[in-house]
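Q: Mind having a look at this structure? Questions to follow.
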Amino acid sequence: MTLKLATAAMAALMAAGPVMADLVFPSLSYRTGPYASGGIPFADGYADYFTLLNERDGGIGGVPARVVECETAYNTERGVECYESTKGEGALVYQPLSTGITYQLIPKATADDIPIHSMGYGRTSAANGQVFSHVFNYPANYWNGASGAINYLMGQGDIAGKKIALVYHNSAYGKEPIRTLEELSEKHGYELSLIPVDHPGQEQKSQWLQIRRDRPDFVIMYGWGVMNQVAVQEAANIRFPMENFIGIWWSGSENDVLPAGDAANGYKALTFHGVGSEFPIFEDIQTHVVDKGLAAGAGDQIGTVLYNRGLYAAMLAAEAAKNAQDIHGTDEITPAMMRDGMEQLEITEARMTELGLPGFGPSFSVSCDNHGGPGLIGMTQWDASAKEWTLISEFANTDVEVIQPLIEADSAAYADENNIEVGCK
Amino acid sequence: MFYREAGDFKTSYVDDSQTFPIKFDRYRYYFVLAVAVLVLPFVMTDYAVNSIFLPFLIYAIAAIGLNILTGYCGQVSLGTGGFMAVGAYACYKLMTAFPDVNIFIHVLLAGGITAMVGTAFGLPSLRIKGFYLAVATLAAQFFLVWLFNKVSWFYNYSASGQINAPERMVFGVPVTGANTEAWATYLFCLAFTVLCAIIARNLTRGSVGREWMAIRDMDIAAEIIGVNPLKAKLTAFAVSSFFVGISGALFFAVYLGAVEVGEVFGIQKSFIVLFMIIIGGLGSIFGSFAGAAFLVVLPVALKIVGVDMLGWPTDIVAHFQLVIVGALIIIFLIAEPHGLAQLWRVTKEKLRLWPFPH
């Protein structure tokens, strides 16, 4: 039975076959499972941007883009299957939207010469391009996020001697900021307590009981999927002051706060890009995508935080592809060329205005030494009566003094473990 | 006509007690092995290996392991995921601590370490049975996952708590890490699977296996006729955990390459292996293979039909997968409660008489 099905599978693959005349952007999405509330808007935004490019501009540099979607359900085994099944189609860049799957793909994709863009997630030390030649995490990473949250709190008043609790998803993702927060606590003298929440995070009574007992001054959360909604609800239940509750950017979407209703008012979340649908690009999306009936999914996510993030990820990928076309003087780029395009990417304010996204994200340039971008972090706050997120701070710098040595130490450990020659290609 | 004992004369005791007494069966077995070793490696694609063959071979080892414990010895276990995690982390620690030792030995040692842990968690089986034992092994599952998350020594103090398999060679060919060839990983896992299957088959036919089955069928009667329940139950836990540990080590080192314990070796893993042996057939080595093939290949096949051929949205196909796999399990168990292995047994009976059933 195995043999027959395997042959059928291979025959199906061959029938599907590679079509070379387009630029393939695989989307390892998850529209099912406990993390679907985050996966759906991101996948919609990612797909809609490429649809917009195809409909409005005829693709990237005249070559149509094709998004190949593959359902992972945030599961690493399914992620491997998705990677193997899409890489044969000429996938240019992988954006798995899962730290676990990113870890899995880092060695595989590097060996296959395909770049990965883990925007605001994945392995933070991938910011060191000398070790991680094919992995990019611009424009900001988890450690920027941790430092950004602390900086924001320091801007509000002295935090020496204050108690800060970190509520985190007990996985590679949630554990990422611990070291940074520990280093920062030594530097600034606050007291850090760690409160893990196991996958999927539906049950958090004991964690919030502990918070109620310890009475921390601030709570920082690294959560994802259903865990966010539950945490916001539990925080409301113990009447924790919402303005002292800060989520990372993966814990700051509409889906996370709406279930708690008015009680979620004032909840804050970090971000590295703009919020809302007040950007000119959304008019184009309306005319070229929505009105033509081409919107991905149910089409009801446009303008939400995570939709915007998917859009932003797609925009950066499309710009990198365009950059690669310019560098190599060919329209039909390979994944290796795409990598060069990403490594020499430069996003300017003028270019973003041209794209209809003025002030949406930072202007930055990528280099071999720095795959991580500038790491500018802003703060958003939820207004429960208007049902919208608003940006309440400037995009500010984070503590490079603390983060850079950590990046170097962690990437050096990885290079050691895997015998990687450090240096630029 | 072809499938029959008649005319196949055995002239020695060794011949008489071989695994496949029927000539046709024997040649079929050699044929499958020959195809698996000599033909498949040459036609393998990355996709076929990584999404079908590796998971099939590795799950087959885990299913054999659990089948020894549950199918042959009658001790229900929900700790398979936890024991696979022990194998994976043992393999990781050994790989990073002794980089010069062959990975083949590391995998076997990982199995050995898991056997010890499994035996320790098997001790309650001497006092409790059935559902109560299932709960005790469930505790093992949660405890082990918690342990590997909590104690950072197990993941070499890495910031994320992930473990990554470094590159290791067998005969100069990499079988773990990033630069592996499809055929190499396939053959490496195939070697373990064949080895485990042969060992398991012979153990279950011998005196040890008979003791297990005696305990399974009625433990008090077994004790009266001279079976030592302490020895029988603990050996079942040890052997079973040994196989499960090997599969966990391969799952981490060869198949996934990077593992996060809560996500990969969670309670779902225990259930999926349990489903495999229930669908495949309790107390049958062939059933372990059939069950593993069923649960590994079916979702992939459904995905290929739904997404690649019919072009349906990925989320609809993903939901349908759950519905179809669930429905098939129920239908199967109603139609044939003893699993795929029983279907195969019935087919063999029919084959003996074919084409003249009267």
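The values are calculated or read from the model by the stated rules, or taken from the named source; none is laboratory data. Quick caveat: nothing in here was measured; it's all calculated off a predicted structure. Glycine gets a Cβ as well: all are built from the backbone with ideal geometry, and neighbour counts include every protein chain shown. Surface accessibility is based on the protein's heavy atoms, side chains included, excluding ligands, DNA and RNA. Shrake-Rupley method; radii C 1.70, N 1.55, O 1.52, S 1.80 Å.
Q: Residues A:ASP331, A:ASP300, A:ASP284: which one is open to solvent by 20 Å² or more (accessible area, probe 1.4 Å) and without any contact (Cβ under 8 Å) to a residue 24 or more places away in the chain?
A: Details: A:ASP331 fails: without any contact (Cβ under 8 Å) to a residue 24 or more places away in the chain; A:ASP284 fails: without any contact (Cβ under 8 Å) to a residue 24 or more places away in the chain.
On inspection, the qualifying residue turns out to be A:ASP300.
Q: Here's a follow-up. Identify, from the list A:ASN75, A:ASN144, A:ASN128, the residue that is in contact with a His (Cβ under 9 Å, 6 or more places away or on another chain), open to solvent by 10 Å² or more (accessible area, probe 1.4 Å) and either under 23 Å from B:GLN162 (Cβ atoms) or among the hydroxyl-bearing types (Ser, Thr, Tyr) (or both).
A: Details: A:ASN75 fails: in contact with a His (Cβ under 9 Å, 6 or more places away or on another chain); A:ASN144 fails: in contact with a His (Cβ under 9 Å, 6 or more places away or on another chain).
Being in contact with a His (Cβ under 9 Å, 6 or more places away or on another chain), open to solvent by 10 Å² or more (accessible area, probe 1.4 Å) and either under 23 Å from B:GLN162 (Cβ atoms) or among the hydroxyl-bearing types (Ser, Thr, Tyr) (or both) holds for just one of A:ASN75, A:ASN144, A:ASN128, which is A:ASN128.
Q: With respect to A:GLU55, determine if the residue is part of a helix (DSSP H, G or I), among the acidic types (Asp, Glu), open to solvent by 10 Å² or more (accessible area, probe 1.4 Å) and closer than 28 Å to A:VAL226 by Cα. Walk me through how you get there before you give the answer.
A: Details: part of a helix (DSSP H, G or I): yes; among the acidic types (Asp, Glu): yes; open to solvent by 10 Å² or more (accessible area, probe 1.4 Å): yes; closer than 28 Å to A:VAL226 by Cα: no.
It is false that A:GLU55 is part of a helix (DSSP H, G or I), among the acidic types (Asp, Glu), open to solvent by 10 Å² or more (accessible area, probe 1.4 Å) and closer than 28 Å to A:VAL226 by Cα.
Q: What single numbered condition from (1) in the same structural domain as A:ALA317 (by TED's automatic domain parsing); (2) surrounded by fewer than 22 Cβ atoms within 10 Å (Cβ to Cβ) fails to hold for A:ASP383?
A: Unmet condition: (1).
Q: Please verify whether B:ASN50 is in a helix (DSSP H, G or I), open to solvent by 10 Å² or more (accessible area, probe 1.4 Å) and polar (S, T, N, Q), treating the condition exactly as stated.
A: On the way: in a helix (DSSP H, G or I): yes; open to solvent by 10 Å² or more (accessible area, probe 1.4 Å): yes; polar (S, T, N, Q): yes.
The answer is yes for B:ASN50.
Q: When region B:314-340 is examined, which residues are found to be of a type outside the set (A, V, I, L, M) and open to solvent by 70 Å² or more (accessible area, probe 1.4 Å)? Spell out how you get there, then give the answer.
A: Quick first cut of region B:314-340, residues of a type outside the set (A, V, I, L, M) only: B:314-315, B:319-321, B:326, B:332, B:336-339.
Selection gives B:HIS319, B:PHE320, B:PRO337, B:HIS338.
Q: Quick one: how many residues across region A:334-363 are open to solvent by 10 Å² or more (accessible area, probe 1.4 Å), under 22 Å from A:GLU408 (Cα atoms) and either in a helix (DSSP H, G or I) or in contact with an Asp or Glu (Cβ under 8 Å, 6 or more places away or on another chain) (or both)?
A: Looking only at that region, the number is 2.
Q: Here is a follow-up. B:LEU234 - would you say it is of a type outside the set (Lys, Arg), in contact with a helix residue (DSSP H, G or I) (Cβ under 9 Å, 6 or more places away or on another chain) and either surrounded by 24 or more Cβ atoms within 10 Å (Cβ to Cβ) or at pLDDT below 95 (or both)? Give the steps one after another, and end with the answer.
A: Details: of a type outside the set (Lys, Arg): yes; in contact with a helix residue (DSSP H, G or I) (Cβ under 9 Å, 6 or more places away or on another chain): yes; either surrounded by 24 or more Cβ atoms within 10 Å (Cβ to Cβ) or at pLDDT below 95 (or both): no.
No: the conditions fail for B:LEU234.
Q: Which numbered condition trips up A:ALA324, out of (1) within 26 Å of A:ILE281 (Cα to Cα); (2) within 20 Å of the chain's Cα centre (by Cα); (3) surrounded by 14 or more Cβ atoms within 10 Å (Cβ to Cβ)?
A: (2)
Q: Please name all residue pairs, on different chains or six or more residues apart, with Cβ atoms under 7 Å, provided the first residue is in region B:160-172 and is within 12 Å of chain A (Cβ to nearest Cβ) and touching a residue at least 24 places away in the same chain (Cβ under 8 Å) and the second residue is surrounded by fewer than 23 Cβ atoms within 10 Å (Cβ to Cβ) and of a type in the set (Asp, Glu).
A: B:ASN164/A:GLU417; B:PRO166/A:GLU417
Q: Could you pull out the residue among B:VAL305, B:VAL264, B:VAL317 that is in contact with a Ser or Thr (Cβ under 7 Å, 6 or more places away or on another chain) and within 12 Å of chain A (Cβ to nearest Cβ)?
A: Numbers: B:VAL305 fails: in contact with a Ser or Thr (Cβ under 7 Å, 6 or more places away or on another chain); B:VAL317 fails: in contact with a Ser or Thr (Cβ under 7 Å, 6 or more places away or on another chain).
Matching residue, one of B:VAL305, B:VAL264, B:VAL317: B:VAL264.
Q: Could you tell me how many of the residues in region B:178-187 are surrounded by fewer than 23 Cβ atoms within 10 Å (Cβ to Cβ) and either within 14 Å of another protein chain (Cβ to nearest Cβ) or in contact with a strand residue (DSSP E or B) (Cβ under 7 Å, 6 or more places away or on another chain) (or both)? If you could, list the steps in order and put the result at the bottom.
A: Step one: filter region B:178-187 for residues surrounded by fewer than 23 Cβ atoms within 10 Å (Cβ to Cβ), giving B:178-179, B:181-184, B:187.
Subset that is either within 14 Å of another protein chain (Cβ to nearest Cβ) or in contact with a strand residue (DSSP E or B) (Cβ under 7 Å, 6 or more places away or on another chain) (or both): B:178-179, B:181-182, B:184.
Residues in region B:178-187 being surrounded by fewer than 23 Cβ atoms within 10 Å (Cβ to Cβ) and either within 14 Å of another protein chain (Cβ to nearest Cβ) or in contact with a strand residue (DSSP E or B) (Cβ under 7 Å, 6 or more places away or on another chain) (or both): 5 in total.
Q: Can you tell me which of B:PHE142, B:PHE148, B:PHE131 is open to solvent by 70 Å² or more (accessible area, probe 1.4 Å), farther than 30 Å from B:PRO41 by Cα, within 12 Å of another protein chain (Cβ to nearest Cβ) and in contact (Cβ under 8 Å) with a residue 40 or more places away in the chain?
A: Numbers: B:PHE148 fails: open to solvent by 70 Å² or more (accessible area, probe 1.4 Å); B:PHE131 fails: within 12 Å of another protein chain (Cβ to nearest Cβ).
When all the criteria are applied, what remains is B:PHE142.
Q: Related question: All but one of (1) closer than 21 Å to B:ALA253 by Cα; (2) buried (at least 24 other Cβ atoms within 10 Å of the Cβ) hold for B:ILE68, so report the exception by its number.
A: If we test B:ILE68 against (1) closer than 21 Å to B:ALA253 by Cα; (2) buried (at least 24 other Cβ atoms within 10 Å of the Cβ), just (1) comes out false.
Q: Can you work out which of the residues in region B:263-320 that are at pLDDT 90 or above and not in a helix (DSSP H, G or I) is farthest from B:LEU138 (Cα to Cα)?
A: B:SER284
Q: Is region A:11-23 home to any residue that is modelled with pLDDT of 90 or more, touching a Gly at 6+ places or on another chain (Cβ under 6 Å) and surrounded by 20 or more Cβ atoms within 10 Å (Cβ to Cβ)?
A: Checked against the condition, which is being modelled with pLDDT of 90 or more, touching a Gly at 6+ places or on another chain (Cβ under 6 Å) and surrounded by 20 or more Cβ atoms within 10 Å (Cβ to Cβ), region A:11-23 yields no hits at all.
Q: A:ILE60 versus (1) of a type in the set (A, V, I, L, M); (2) surrounded by 24 or more Cβ atoms within 10 Å (Cβ to Cβ); (3) out of contact with any Leu (no Cβ under 7 Å at 6 or more places or on another chain): which is the lone unmet condition?
A: Here A:ILE60 meets the rest and fails (3).
Q: Which pairs have Cβ atoms under 6 Å, sit 6 or more apart or on different chains, and link a residue in region B:38-61 that is more than 7 Å from chain A (Cβ to nearest Cβ) to one that is surrounded by fewer than 21 Cβ atoms within 10 Å (Cβ to Cβ) and hydroxyl-bearing (Ser, Thr, Tyr)?
A: So the pair list comes out empty.
Q: Separate question: Quick check on region A:74-96. Is at least one of its residues within 28 Å of A:GLU332 (Cα to Cα), over 14 Å from the mean Cα position of the chain (by Cα), more than 11 Å from chain B (Cβ to nearest Cβ) and outside any loop (DSSP other than H, G, I, E, B)?
A: Scanning region A:74-96, I find at least one residue that is within 28 Å of A:GLU332 (Cα to Cα), over 14 Å from the mean Cα position of the chain (by Cα), more than 11 Å from chain B (Cβ to nearest Cβ) and outside any loop (DSSP other than H, G, I, E, B), so the answer is yes.
Q: Quick check, is B:GLU223 within 12 Å of chain A (Cβ to nearest Cβ), part of a helix (DSSP H, G or I), free of Cβ contacts under 8 Å to residues at least 24 places away in the same chain and in contact with a helix residue (DSSP H, G or I) (Cβ under 7 Å, 6 or more places away or on another chain)?
A: Numbers: within 12 Å of chain A (Cβ to nearest Cβ): no; part of a helix (DSSP H, G or I): yes; free of Cβ contacts under 8 Å to residues at least 24 places away in the same chain: yes; in contact with a helix residue (DSSP H, G or I) (Cβ under 7 Å, 6 or more places away or on another chain): yes.
The answer is no for B:GLU223.
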